[in-house]
Amino acid sequence: MNYSEQERNIYTYPDGIRRGDPLAIRRRLLIHTAGKINDLLDSMESPDPLAVAVAEEQLLPAVRVAFGLRGLEEEAPDTDAASLETLSHFLDWLDGKKVFTAVRPTSPPCTDLPPAWTTKPSSVSP
């Protein structure tokens with residue numbers, strides 16, 4: 001099956017049915033982990049079971065929000081294991097696309113400013 005470029009850039013959940021915008025998912029993961037997603041993922045690899053449990057407890061609510069998964073109190077809930085599987089699947093998908101790993105391009109330096117503006121402050125004469 002041939003997919004358009006736009007369709008290839010839409011994340012498909014492990015169930016093969018649900019789909020999501022990867023930028024929105026990533027943004028929600030960052031917001032709901034207070035920017036500590038990488039620290040939590042690192043803690044998940046710890047040999048200390050308490051560190052893993054603490055990381056899971058902080059990470060799982062963010063995962064549920066980011067992916068729109070249902071908690072255990074809802075009908076047809078997504079378990080913790082299914083939530084972590086979805087996160088792992090998403091991270092593998094991103095890694096395969098090499099998304100979000102490149103440094104953003106920078107603009108070339110401005111060349112139409114007066115010389116004093118392009119000189120380092122320490123070398124400007126009084």
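Quick note: the coordinates plus some simple rules give every number you see, no bench work behind them. Keep in mind the model is a prediction, meaning the values are calculated, not measured. Glycine gets a Cβ as well: all are built from the backbone with ideal geometry, and neighbour counts include every protein chain shown.
Numbers below:
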quantity	calculated
Scan of the range 41-81 for residues that are farther than 22 Å from Asp15 by Cβ and among the aliphatic types (A, V, I, L, M), ordered by number	Leu41, Met44, Leu50, Ala51, Val52, Ala53, Val54, Ala55
Subset tally (residues that are under 28 Å from Ile17 (Cβ atoms) and surrounded by fewer than 14 Cβ atoms within 10 Å (Cβ to Cβ)) for the range 38-60	0
